[in-house]
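The next block holds one structure in the form of structure tokens; read it before the comments.
The values are calculated or read from the model by the stated rules, or taken from the named source; none is laboratory data. Keep in mind that what you see is a predicted model, and the values were worked out from it rather than measured. We place every Cβ from the backbone using ideal geometry, glycine too, and count neighbours over all the protein chains shown. Areas reflect the complete protein model, heavy atoms only, side chains present, ligands, DNA and RNA absent. Shrake-Rupley method; radii C 1.70, N 1.55, O 1.52, S 1.80 Å.
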Amino acid sequence: MSGLDWLSAIFLLVGAAFFLAGTVGLLRFPDVYTRLHALAKADNLGLGCIVIGLLFQADSLAAALKLVLVWLLALAASATVSFLVAHRAWRRGIAPWRADEPGIRRHDES
Amino acid sequence: MNLAFDLLLIAALLWSAGRALTTPDLFRAVVLFIVFGLLMALAWARLDAPDIALAEAAIGAGLTGALLLDALGHLRGPVRRKSGLIAPSTVMSSEGAGPPAFPTYFLNGLAIVLAVALGLALAGALLLLPEPAISLPREVAAAMDASGVAHPVTAVLLNFRGYDTLLEVAVLWLALLGVLAVAGGRAPGRAPVTPRSARASLKVPRLLARVLAPLALLVAGYLLWAGAHQPGGAFQAGAVLAAAAVLLNLAGLLPGGATPRWVLRAGLGFGLLVFLAVAAAVMGQGVLLQYPPAWAGALIMLIETGLTLSIGLTLAGLFLALSGASRQ
Amino acid sequence: MLDPLPWLILLPLFWATLAFVRGPGRGGRLAVAGLLLQLALAGGLARQVAGEGERVYAVGGWGAPLGIDLAVDGLSAVMLLLAQAVALPLAVYARAYYAAHEEGARYFWPLAGALLAAMNALFLAADVFNLYVTLELLGLAAVGLVAASGGAGPVTAALRYLMATLLGSGAYLLGVALLYGAYGSVSLSILAPLLGADAPLAVFLAAALMLLGLMLKTALFPFHFWLPPAHGGAPAPVSALLSALVVKASFYLILRLWLDLFAPLATVAAAQLLGLLGAAAILWGSLMALAQTRLKMLVAYSTVAQIGYLFLLFPLATDTGSVASASAIQGGVMQALSHGLAKAAMFAAAGTVILSLGRDDIARLGGVSSRLPLTLFTFALAGVTLMGLPPSGGFTAKWLLMSSAMHSGQWGWVVVMILGGLLAAAYVFKVLRQAFLPVEAGTQFKPVPRLLEWPAFLLALASLLLGLRAGEVLGLLGAG
Amino acid sequence: MSAGLLYALAGAALFAFGVAGLILRSHPLRKILAFNVMGSGAFLVLVGLGQRDGTADPVPQAMVLTGIVVSIAATALALALARRQREHGNDKEERDA
């Protein structure tokens, strides 16, 4: 394995670790807002690292640009969707979780 | 190395499926099920089945996951008790029934024993199986030239076994009918009215949604076109269209509702009608779904285009009718 | 001239889709016109089969094993005729029924069209995977129809029905996978000669899984738990379609697989087990019917019992010699036909009573005899078929089954059939006795349209006359 | 052992999981998950067993594509029914209160 391969592998592993952390966060966080946070953060960073890792392996400039494009599109989509999901949750009256009041609350009632 | 990867993947598949069925929290179960779907997509890739991998990721994990997550809020929400209090055990899992009575224990034990026996018998049977007498891949390869497309899976799906696909499209349409019949007993859902303050905060995401939706259209068109000679096709393209529609709905740019108007109904029926019309038209000089060889490629493309539109609308409709119905 | 074979599948799909595009509640007239044409097509196909014997149709021109074959023989021709002959009067009935019950009709016509397309496709299929798709189409259409009325009871019943039917088709699909793995084909005509008694274990497992899945869908005792709430809770036209036709479709498939595909694997023990379950269904279903207090639930439990007779043909037709076996198969098919006609008539009559009276407590049916005489007569005629009295089709069916039992010396089944007939008489007379009581004070009978009463009467009459024309039906059955 | 056979064995196990879940679990959502797991198991057996000699077979692959669409159709209908049932349950409790 050449130095580039090692670099590539390190980025790929870091990316995978972000995905793992995001999934754990999705499972363990208490409400929709924190879960979205975990998901979007980890997805974007994780995907970013994986794209960088793959860039070292790209055999042409076109392929490299396509990879970057994929990442940018995923960033835009994930930001949009996370915002919209959170927005709808808030409009439905789901209050953010607070450590002193566990359980499901509605912000329009409190 | 490959064997190690396969064993690891299979262990992860079994673990996620088992946990999805046993973990007490329903939310966790659904997330684990989505993980299971994504692992299945990997398994399909390992089995040289990229078409299924695409469909599994988009439909099996993606759309099913979205439907399940959306339903979760309605199915998990605490059951209101007669007293009006929320029973504490139902907040977390909602499955909170008391400890099962003796016959339940007995029957549960019986079911587990039967399931284990079934699994073992299946495993034994699979290991003992000799090679099959007929090799269909060879038959497919021999008939590819006459099929009108260059990708074997598309050839099977829309030509050799196109009749299955015709009925399958009817199944999908039928599910939407059923969902509309069940969810649409009430007044049609209205698009939520967004207050001015919220509208301002929606500006940027709406702009992005407006940019992403045409891009999704482009991707769907590419998948559709690519299906003729490489993995892709109407179902994958339709799933992308459906995702775009769901995005627009979340951004408040597309109303959800339980009673489609006639233009929409026509769009939903369009794919099936095109398929039926082609099936009937080619019968003039042959049998059901026998394309004239010179026209096969064009007819398949026509059918797939109609299907992409209808499948996109139907998959989006399944989501919107379900999520629109309960939100009066 | 239209080729009846593909058009029997395309036509109902066409009118179903058009009815959907036209909008909620629309499309009834289209459906009646389509069904009229379908009945003519099924008749034409039956004449073809009677004249020229079995026919194979290669969809797409490919032929098995690469493509999908459709096939029609005497058995499928008879079942196709039954499906169209029951559905046409029921469509006329449903138009009159939903004129009074509009909210239930929103998606009735497209769902009913899909149901018929699925059933016709199933009777014509000759490919085990294609059969899986038709089974799913049929199951989802039936569940949608049960749920469409939207009440709490039907929705719960539909969910339970859906889970049962999905478990059934899942088991069936695994069976298909094992068959494909073992032989590399899913075509019945290719698989049949390859199967022998020395088949690998996977094939035995496939047979067990497929038959078990289909038994669940046919609601054979003890898998009948989903049927009474689903058939009893749905609107009357839906109950009639489901009880008369849908359970017969999966029974047809069991028969088809047992006779054509798994015959070399069939053992006397398995056949006896099926017979025992059938006998239990007859006795348990009849007793439960007798215990019901609501008319439609009584009719639904009677379906559980009548399904039992169908399964008596397996012990009578397996390893009993050609005479007994032929007569058993004829009896079983006659039972499917006559019960289909009679049960459609019975549910339709029950629906008429509910529309007129506004309730269906059996204890409060007083006056039905004087206010709805034709409907009560319909119920009684259909009852004659269920009891198996001459000259009904039910009599021919039971007579054929009993003579087969006597021929092969299996007297136990005769006793079960006689007991079942007596119990059927008991629950039919339980309804008739109440209906002849005087009108209860304060009871209003709403007038009902004639198009509600006559289609049901014709169905009941057909079930009765079937016995007189049994020779022709059995001739067609033997043709393929 | 080929990868196809290995995944077919996994499919058999998943099918058994699904059957057990469908019978043992009472919550409708859980039954829906179980049905999907069961279906995935059957799909793996279909493709894996067909490819146990190591070459890709487009016929079972096309069948599984059909099966996946049927699965989501059934899942959507089941979810609609389960939600409607829950709403009826809540209505009833409100009436009783």
- Query: For residue A:59, all conditions in the list (1) open to solvent by 50 Å² or more (accessible area, probe 1.4 Å); (2) in a helix (DSSP H, G or I) hold save one; what is the number of the exception?
  - Reply: (2)
- Does residue C:204 count as open to solvent by 20 Å² or more (accessible area, probe 1.4 Å) and part of a helix (DSSP H, G or I)? yes
- Item | Residue within segment B:235-247 that is in contact (Cβ under 8 Å) with a residue 12 or more places away in the chain, farther than 25 Å from residue C:15 by Cα and assigned to a loop (DSSP other than H, G, I, E, B) present | no
- Residue pairs within 8 Å by beta carbon, gap of at least six or interchain, first lying in segment C:15-28 and without any contact (Cβ under 8 Å) to a residue 24 or more places away in the chain, second part of a loop (DSSP other than H, G, I, E, B), listed first then second, are C:18/C:27
- Filter segment C:291-344 for residues that are under 30 Å from residue C:363 (Cα atoms) and among the β-branched types (Val, Ile, Thr); the one that is farthest from the chain's Cα centre (by Cα) is C:293
- Item | Single match in C:35, C:5 (criterion: modelled with pLDDT of 95 or more, under 23 Å from the mean Cα position of the chain (by Cα) and open to solvent by less than 10 Å² (accessible area, probe 1.4 Å)) | C:35
- Task: Please go through segment B:143-169 and pick out each residue that is at the interface with chain C (Cβ under 7 Å from one of its Cβ atoms) and either outside any helix (DSSP H, G or I) or open to solvent by 40 Å² or more (accessible area, probe 1.4 Å) (or both).
- Result: B:161
- Query: Is it the case that some residue within segment D:36-52 is in a helix (DSSP H, G or I), more than 10 Å from chain C (Cβ to nearest Cβ), open to solvent by less than 30 Å² (accessible area, probe 1.4 Å) and modelled with pLDDT under 95?
  - Reply: no
- Take segment C:8-32 and flag every residue that is in a loop (DSSP other than H, G, I, E, B) and either within 11 Å of another protein chain (Cβ to nearest Cβ) or open to solvent by 60 Å² or more (accessible area, probe 1.4 Å) (or both). C:23, C:24, C:26
- Query: For segment B:285-308, does any single residue satisfy the condition of being modelled with pLDDT under 80 and either open to solvent by 50 Å² or more (accessible area, probe 1.4 Å) or not in a helix (DSSP H, G or I) (or both)?
  - Reply: yes
- Message: With the structure loaded, tell me whether residue B:157 is of a type outside the set (D, E, K, R) and without any contact (Cβ under 8 Å) to a residue 24 or more places away in the chain or whether it fails that test.
- Response: no
- Query: open to solvent by less than 30 Å² (accessible area, probe 1.4 Å), assigned to a helix (DSSP H, G or I) and modelled with pLDDT under 95: does that describe residue C:459?
  - Reply: no
- Residues satisfying the stated conditions in segment B:187-209, i.e. surrounded by 14 or more Cβ atoms within 10 Å (Cβ to Cβ), of a type outside the set (S, T, N, Q) and either out of contact with any Ser or Thr (no Cβ under 8 Å at 6 or more places or on another chain) or at pLDDT below 80 (or both): B:188, B:189, B:192, B:198, B:202, B:205, B:206
- Residue by residue through segment D:1-35, note down the ones that are more than 7 Å from every other protein chain (Cβ to nearest Cβ), more than 20 Å from residue C:206 (Cα to Cα) and part of a helix (DSSP H, G or I). D:32
- Task: Taking only segment B:222-234 into account, find how many residues are assigned to a loop (DSSP other than H, G, I, E, B) and of a type in the set (A, V, I, L, M).
- Result: 1
- How many residues are over 12 Å from residue C:427 (Cβ atoms) and part of a helix (DSSP H, G or I) if we restrict to segment C:255-302? 25
- Any idea which residue in segment D:69-85 is nearest to the other protein chains (Cβ to nearest Cβ), counting only those that are open to solvent by 10 Å² or more (accessible area, probe 1.4 Å) and touching a residue at least 12 places away in the same chain (Cβ under 8 Å)? D:85
- Considering C:191, C:159, which residue is within 12 Å of another protein chain (Cβ to nearest Cβ), open to solvent by less than 30 Å² (accessible area, probe 1.4 Å) and touching a residue at least 60 places away in the same chain (Cβ under 8 Å)? C:191
- Taking the condition away from chain A (no Cβ under 14 Å), modelled with pLDDT of 85 or more and open to solvent by less than 20 Å² (accessible area, probe 1.4 Å), does residue B:237 pass? yes
- Query: So which residues in segment C:129-150 are modelled with pLDDT under 95 and more than 9 Å from chain B (Cβ to nearest Cβ)?
  - Reply: C:146
- Among the residues of segment A:19-54, write down those that are under 25 Å from residue A:94 (Cα atoms) and either of a type in the set (Val, Ile, Thr) or not in a helix (DSSP H, G or I) (or both). A:23, A:24, A:29, A:30, A:31, A:32, A:34
- Item | Complete set of residues in segment B:33-75 that are within 8 Å of another protein chain (Cβ to nearest Cβ), more than 16 Å from the chain's Cα centre (by Cα) and either within 24 Å of residue B:220 (Cα to Cα) or crowded, with 23+ Cβ neighbours inside 10 Å (or both) | B:43, B:47, B:48, B:49
- Query: Going through segment C:208-233 one residue at a time, which ones are more than 16 Å from the chain's Cα centre (by Cα) and either crowded, with 24+ Cβ neighbours inside 10 Å or assigned to a helix (DSSP H, G or I) (or both)?
  - Reply: C:208, C:209, C:210, C:211, C:212, C:213, C:225, C:229, C:233
- Task: For segment D:1-35, enumerate the residues that are modelled with pLDDT of 95 or more and of a type in the set (Ser, Thr, Tyr).
- Result: D:7
- Message: Would you confirm, using the coordinates I've provided, whether residue A:88 is facing chain B (nearest Cβ under 9 Å), surrounded by 12 or more Cβ atoms within 10 Å (Cβ to Cβ) and at pLDDT 75 or above?
- Response: yes
- Quickly run through segment B:131-142 and pick out the residues that are open to solvent by 70 Å² or more (accessible area, probe 1.4 Å) and either at the interface with chain C (Cβ under 7 Å from one of its Cβ atoms) or at pLDDT 90 or above (or both). B:133, B:139
- Residue within segment C:76-87 that is under 21 Å from residue C:474 (Cα atoms), open to solvent by 10 Å² or more (accessible area, probe 1.4 Å) and within 14 Å of another protein chain (Cβ to nearest Cβ) present: no
